[in-house]
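Below is one structure, written out as C-alpha cells; comments come after it.
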Amino acid sequence: KKIFKYVKPTGIAVVCRDIPEFDQIVENIDVKIVTYGMHADSDYLISEVETKLLGSRFKVSYNDTEKYIITRLIGDANIQNVVSCLVVANQLYDFETNVLIQSIESFPGLKGRGNIYRIPDIDSEVIIDYAHTPGSLEHLLKTVKKISDKKIICIFGCGGEKSPGKRSPMGKVAEDNCDLIFVTNDNPRKEHPKEIVENILSEIKDREKFKVILDRGQAIKIALTENPGSVIVIAGKGNEDIINVNGIKFPYNDHESVLTWAIQNQYNMLKAHEYVD
C-alpha cells in the first residue's frame, strides 16, 4: 500500500485482484486503478488456465477483447506476473497487443526459476527453483501436483542466521505435498546445520517421509538414484553458485550437481527450455 502513495495524480495503480488484502490496498488511492487476476471483478480477467510441464496456456479478457496466451512459465503466480506485465505495457506504453503476446510467448524464463529438465533414462523430471519461503514452496509443490501424477520428491534446506520462523512451516508444507523429502544444507552460514534441520522437522508428523543428508550435492544424487519415475523438486538456491557453510563460501550450483550426476551415469539430461542467465 505504501508504494501507491508515490503514484502521480495522472498515473495508474496496477493491482492484483486476487490477493486477500486487495480492499485494504486500494482504499483511499486517488488515481486510476487497473486490476488483473482470476477474480471475477478483474479488469484483465485470467481464465481457462491450462498448465503442463512445458508451460501454460490461458485466456485474458479485457475491454471487450479476448486473447489466448501461451508462456513457457508454469503456475498461477507466473501467469499473474505475465498478465501484470501485459497490463503495464498496454496501459502505460500503448504497445500493440499482439506484439506483447509474441514477446511473452518467446520469453524463455530465468535460470533458477522453475527450470525443468527431463532425464528419460530414469523417466524422471527435475525442477530447480529458488523457492525458499513457505508460501513459494507451497505454490511450487502444488503446481507440480497439478501437472504430474508421478511421485514428488523434494530437496530443500533453510538458510542460517536468518528467518528461523519459516523453517517449521516449510517442513509442514513439504510433508503435506510430497511423497519423500530430503532435508539438506542451504546456506547454514555460521549456524550449526543440525539445529536448522531440527527446526525444520520440529512439527512434522510423519518422520518416515524425511531423510536428512546435509551434503546438498550428495542429497541430490541419492534422490535421483533411488527414485526413478519421479519429479525431483530442488528448492531454495535456484541459480546460486556458492554455498555458505561456517562462513566459508564453497563453489556450488544445483544445475551443475544434477548435470554431473547425469554425466557420471551416462544419462541424457534434456532442457525443457533454454533460460536467460
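Worth a mention:
- Contact order normalised by residue count of the stretch 1-159, Cα under 8 Å, 6+ apart, percent: 14
- Share of carbon and sulfur in the accessible heavy-atom surface of the stretch 106-249 [1.4 Å probe, %]: 48
- The residues K145, K2, sorted by heavy-atom accessible surface at 1.4 Å with ligands and nucleic acids left out, run K2, K145 from largest to smallest.
- Computed from the C-beta positions of T260 and V212, the FRET efficiency with R₀ = 25 Å rounds to 0.70.
- Cross-link pairs exceeding 28 Å between alpha carbons, from the set K2/K205; K59/K142; K5/K52; K162/K211: K2/K205; K5/K52.
- Difference of contour (0.36 nm per residue) and Cα-Cα distance, I29 to Q102: 23.0 nm
- Taking a Cβ cut-off of under 13 Å around L45, the surrounding Lys, Arg, Asp and Glu residues balance to a net charge of -3, with basic ones at +1 and acidic ones at -1.
- For the stretch 160-193 and the stretch 209-277, distance of Cα centres in Å: 16
- Along its first, second and third principal axes, ordered by size, the stretch 67-210 spans 54, 38, 23 Å in Cα coordinates.
- Pair-distance distribution P(r) for the chain, from all Cα-Cα distances in 10 Å bins starting at 0: 6, 26, 29, 23, 13, 2, 0 percent.
- Using equal-weight Cα scatterers in the Debye expression, the normalised intensity of the stretch 198-276 in log10 at q = 0.12, 0.20, 0.23 Å⁻¹ is -0.44, -1.11, -1.31.
- Once the mean of 1/r is taken over each pair of separate Cα atoms and inverted, the stretch 1-80 shows a Kirkwood hydrodynamic radius of 13.8 Å.
- Taking 0.36 nm per residue of sequence separation and removing the Cα-Cα distance, the K205/K142 pair yields an extension gain of 20.7 nm.
- Other residues within the sphere of radius under 11 Å centred on the Cβ of N265, judged by their own Cβ, net out at 0 (K and R +1, D and E -1).
- Build a GNM of the chain with springs between Cα atoms under 10 Å apart, and of F182, F156, F107 the one that fluctuates most is F107.
- Among K221, K237, K162, residue whose mean-square fluctuation peaks in a GNM of the chain (springs only between Cα atoms under 10 Å): K162
- Protein heavy-atom accessible surface, 1.4 Å probe, per residue over the chain: 52 Å².
The values are calculated or read from the model by the stated rules, or taken from the named source; none is laboratory data. For clarity, every value in this text was computed on a predicted model and none was experimentally measured. Note: ideal-geometry Cβ built from the backbone for every residue, glycine included; neighbour counts use all protein chains shown. The area values use the complete protein model at the heavy-atom level, side chains included, leaving out ligands, DNA and RNA. Shrake-Rupley method; radii C 1.70, N 1.55, O 1.52, S 1.80 Å.
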